[in-house]
Structures are given as C-alpha cells and as structure tokens.
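Down below is the structure, laid out as structure tokens.
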Amino acid sequence: IVYWRNNFSYYRVKTIAKIYLIYLIYAIIITIPLIGETTSFEFSLRLILKLIYPLLVLIVAANMFRKNEYLDKTISVTLTTTFIASIFLGGFAQKYWPSISWSIANFMWPDASFSDHSAIITSLALIWWGTTKKNRYLLLAIWLCASTILMVNRTGIAATIIGISFFALLRYGIARVLPLLVALYLLGMSILFLNPEMQRHMFNDPEKVETSNIVRNPTDIDFDTINSSGRFYIWQNLLDKFWRPNPLTGSGLGAVQKYLYSPQNLMNLNHPHSSYVKLLCDSGLIGLCLFVSIHLACLLSAYRVLYGQATDPAKVAAGFVICAVLSLFFIMGFDSSINFATPVMQYSFIFTGIMIGLSEPANEESEI
C-alpha cells in the first residue's frame, strides 16, 4: 500500500531489483506446472509472499530515506527494540526464566531465529558505536554476544563472530586487526568445542571426541560424530526427493514445506534448516544462483558506496550491509532464513535501500 500510494520508483535500485524480479518470475514460471503435483497453491503462495517482502522493503527504503537524520532514528529504534526483545527472548531469559521466554517465543520468534537476528544486529551495534563513539552501543553488542552464547545456538554464535570479524576488518584494516581475528577464531572455537554444554549440542558422544585437537586443527573433525539435530538426514532426504530429479529447476516453490507439513514426513522437523537446500529443492541450481546473486549485488553496491564518494551516513549503512550479508550467507547454510524473513533476512535489504537512498541524488538515475 505504501509502495503504490507514494508512486515509488524502483530505478534507484534497478540492478538489484532486476535480478530479484528475474528470480521471482523464473520461480513462478517453473512452479505453475507443478501445482497439484510436487507443490500446492497454498504453499507456493506463502513462499512467494515471503520472497516478495525483502524486495518491497528495499524499494521503500531507497525511496523514503532521503535525509541523514532518518538513519539515526532507524538505527536507534532497531537497536532499542532488539535490546527489549533480548530481555524476553535472549539467552539470559532462557536461562533464568525459561517458561516465560518459551511462552513469548511461541508467540513471536523461535529461539533460533532470534539468535540469528542478534548475530546480525550485533554488527549494527558495533558500527553505530564506532560512528557515534557512545559506549552504550558497545555494551549492547557485548550483551547480545553474551545472550547468543547462553542460547547455545551454534549458527548464531558463528554468524556473530563473522559479523564482528568483518566489522573489525572494515574499521581497522587487515594489518591492525589480524591479531584480533586470531583471538576471535580461538574464542569461537573454544566456545563451540571446549564448553561442556556446547559439546553436548555439538557431538553425539562428546566424551569420545578430542575437542582440543579440533581447536588446533579443524580438519580433524569427523562429521559422523557431529550432532546435526537431524539436519544431515533431512538434507539428504529432501535433495534426493526434490532436487536430484530436476537439478536445474527443482520441484517448484513450496514443495519442501508442503512435504514437511504432510503426514508423509516422518521426521520431527517442519523446516529444512538450510535456505540453500530449500532453494535447490524448490527452484534448482538456476534459482539458487539467482537468489545468491541478489545478495552479491547488495554486497557489491555496498562496497562501491563504502569506498566511493558517498556521504558518511551512506557509508555507515554500507558497512552494515557488508557485515549483514556475509553473516547471512552463513546463516542460510544452517537455518531457514527465508522462512524468517522479518527477523533475519530483511535487514540487509532495508539497509541496502537506505544506503542507496542516502548516496544517490533524488532526481538522478542510480547506476547501482
């Protein structure tokens, strides 16, 4: 409604929007003949709506953010709401008042999606701390890191480390930040492999695993010992059923969710825990490449803005886009970020739109 009532134009984000529209049109075309066979109208429509949402917020943000003060308000509201949500949904809530946290999570977001959300917003808090020099944003980043660790969510912890690493690289450069990156690696590996509670989540039989050797040499990991929470089994099952018969085009949008919500699914999982697997099964290799290309276009746009002649507020947004997209690439491997478009996937698109809106003259066509 906002889009049409304000007669927004998509030319300001034309390259990203074109790739996105090509993906949507392609996905719809390959899905229509498969409705009633591998997929259904209901599940196809649900997924299409989730896929349309990031494109719409991208266009709206690019058209609405024309003043620098809008960025200040948006980041402040985003960080404040995430902090409030973390009180009820984060690791501290899960540890000290689990029944309340569980009830709120069922009403709002599952704990995994909030962990992924926190991982992305941690980068925003750090970037805003570096921009404003206000220590409360650094404290918020530390709070979110601690919350994510207490949630014992492997994907969220790894995505947080990725975001922090690229924030440090962008701000301080590789030469100055190399010791910090080594420290972050050792810290992350220690959290994932040496913490007793995390070991119980990581391995099927942690007492038989030499975790100290894995910290020193990650290639020593035996994937047969990894507790994948059913991921490896469901990935193999879904790929055999929906991708390998049609590797280029897949089985149509919504095919995976239709199967996982059906009585035929004997696994105790109702989403695939991998956006890459979901994309392969639903839209094939072509669809996966197109969808990843959308995020690569956002990344390239952010790089051009960050190292170009754009305004400082636009560069702030660009720095966050780089951290968010790179964290999201990891999250997509192990969680269903497409299903969680609002808490997880939307931020790289919102801030890409903000970045373009602040960096491009209002009446000139964007080349991004």
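The values are calculated or read from the model by the stated rules, or taken from the named source; none is laboratory data. Being a predicted model, the structure only gives us computed values, none of them experimental. All Cβ positions, even for glycine, are placed from backbone atoms using ideal geometry, and neighbour counts span all protein chains on display. Surface accessibility is based on the protein's heavy atoms, side chains included, excluding ligands, DNA and RNA. Shrake-Rupley method; radii C 1.70, N 1.55, O 1.52, S 1.80 Å.
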Distance cut-off 30 Å, Cα to Cα: go down the list Lys18/Lys315; Lys14/Lys315; Lys278/Lys315; Lys18/Lys133; Lys50/Lys241; Lys14/Lys50 and report the pairs above it. Lys278/Lys315; Lys18/Lys133
At 0.36 nm per residue, minus the direct Cα-Cα distance, what do Leu56 and Ile87 gain on full extension? Give it in nm, one decimal, please. 8.2 nm
I'd like to compare 22-30, 51-59: which one has the highest average count of other Cβ atoms within 10 Å, and what's the full order after that? 51-59, 22-30
Would you please classify the overall shape of region 145-188 from the alpha carbon gyration tensor, given that a ≥ b ≥ c denote the square roots of the eigenvalues, rounded means a/c under 1.5, and beyond that prolate means a/b larger than b/c while oblate covers the rest? prolate
Tell me, what % of the accessible area of region 250-368 is carbon and sulfur with a 1.4 angstrom probe? 59 percent
Whether region 90-142 is rounded, prolate or oblate, judged on the alpha carbon gyration tensor where a/c under 1.5 counts as rounded: prolate
Based on the mean of other Cβ atoms within 10 Å per residue, sort peptides 313-323, 82-92, 152-162, 169-179 so the most packed one is first. 313-323, 152-162, 82-92, 169-179
Alpha-carbon Debye profile of region 12-56, log10 I(q)/I(0) at 0.14, 0.25, 0.30 Å⁻¹: -0.36, -0.88, -1.08
Using the beta-carbon distance between Tyr261 and Ile28 and R0 = 22 Å, what value does 1/(1 + (r/R0)^6) give for FRET efficiency, to the nearest 0.05? 0.55
Treat each spin label as a single point 7 Å out from the Cα along the C-beta direction, and report the Arg46 to Gln236 distance in nm. 2.7 nm
By what distance, in whole Å, do the Cα atoms of region 245-368 stretch along each of the three principal axes, largest value first? 55, 26, 22
Leu139 versus Leu248: modelled label distance in nm, points set 7 Å from Cα along the beta carbon direction: 5.9 nm
Dipole check, region 20-162, charges on Cβ (K,R +1; D,E -1), about Cα centroid: among Gly91, Thr80, Ile22 the Cα furthest to the positive pole belongs to Thr80
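What is the percent of Cα-Cα separations in region 46-123 that go past 18 Å?
When all Cα pairs of region 46-123 are counted, 56 percent exceed 18 Å.
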Pseudo-spin-label distance Leu187 to Val77, built 7 Å along Cα→Cβ, given in nm, is 3.2 nm
Solvent-free Debye scattering, log10 I(q)/I(0), computed from the Cα coordinates of region 79-191 at q = 0.21 Å⁻¹: -1.10
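What does the convex hull of the alpha-carbon atoms of region 294-347 project to on average, in nm²?
If you wrap the Cα atoms of region 294-347 in a convex hull and average its projections, you get 3.7 nm².
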